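Participant: Here it is: the structure, laid out below.
The values are calculated or read from the model by the stated rules, or taken from the named source; none is laboratory data. Everything numeric here is computed off the predicted structure, so don't read it as measured data. Glycine also receives a Cβ, built like all others from the backbone with ideal geometry; neighbour counts cover every protein chain displayed. All accessible areas refer to the heavy atoms of the entire protein, side chains included, with ligands and DNA or RNA removed. Shrake-Rupley method; radii C 1.70, N 1.55, O 1.52, S 1.80 Å.
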Amino acid sequence: MGEAHNHISEMTSANRKGVHIVFPGDNLAVRKALRSVLDGLKHLELPDEVLSVVEIVVAECLNNVVEHAYADGTQGFIEINARLRENALWFRIVDDGFAMPAETLPKGQPHDLDAMQDDLPEGGFGWFLIRQLTNDLQYVRHEDQNRLTFSISTVEHTSH
């Protein structure tokens with residue numbers, strides 16, 4: 001497993017079509033990185049609904065990395081690439097933390113939101129949200145790295 005050194009700082013680059021960020025895999029850096037992703041996508045003039053979906057999905061993914069891939073306090077990095085292609089934002093999130101169990105994505109289960117808070121099961125709901133809000137979701141473990149890719153439609157959804 002790789003290790004992030006203190007000299008790794010947040011690096012952001014934005015161009016006409018997306019954003020690229022590398023940052024330490026800890027809670028404070030994740031908050032800053034999420035804000036940087038959203039700020040880096042502003043110039044694309046995406047609908048607020050799309051940016052809300054991006055915020056939910058990226059936050060869930062990054063929190064999972066910090067909570068599980070770097071569970072034992074091991075330091076590492078997280079890299080996010082987001083690119084606009086046709087009617088979708090394509091994301092790739094890479095880290096060098098622990099692999100997903102059985103090197104597969106959790107299925108994710110909806111929770112009964114009427115249940116008492118103490119009765120809600122741990123885990124799974126975040127992956128349910130990620131699966132519901134993204135397309136083309138894939139995970140691979142490659143050369144000691146976790147690589148998660150997905151797309152988010154940039155076309156607003158309308159109610160019928």
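Participant: What is the set of long-range amide H partners of LEU137 at a cut-off below 5 Å, with H atoms built 1.01 Å from backbone N?
Facilitator: Placed amide hydrogens put SER151 under 5 Å from LEU137.
Participant: Beta carbons within 10 angstrom, averaged per residue: use that to sort the peptides 99-105, 142-148, highest first.
Facilitator: Highest mean packing first, the order is 142-148, 99-105.
Participant: Convert each backbone phi in the range 83-98 into a coupling constant with the Karplus relation 6.51 cos²θ - 1.76 cosθ + 1.60 (shift: θ = phi - 60°), then list the ³J(HN,Hα) values in order as whole Hz, x for Gly and Pro.
Facilitator: 9, 8, 9, 6, 9, 8, 8, 9, 10, 9, 10, 10, 9, 10, x, 4
Participant: Also, I was wondering about something else. For LYS17, which lysines qualify as cross-link partners when the Cα separation must be under 29 Å and same-chain residues fewer than eight apart are set aside?
Facilitator: LYS32, LYS42
Participant: In nm, to one decimal, how far is the modelled label at ARG85 from the one at GLU103, with both set 7 Å along Cα→Cβ?
Facilitator: 2.4 nm
Participant: Whole-Hz Karplus ³J(HN,Hα) for the range 70-79, in order, using 6.51 cos²θ - 1.76 cosθ + 1.60 and θ = phi - 60°, x for Gly and Pro?
Facilitator: 10, 4, 8, x, 4, 8, x, 10, 10, 10
Participant: Take the Cβ-Cβ distance between ILE56 and ASP144 as r, set R0 to 41 Å, and report the resulting FRET efficiency rounded to the nearest 0.05.
Facilitator: Efficiency at R0 = 41 Å is approximately 0.90.
Participant: A follow-up question, please. Provide the solvent-accessible area of SER153, counting protein heavy atoms only and rolling a 1.4 Å probe, rounded to the nearest 10 Å².
Facilitator: 30 Å²
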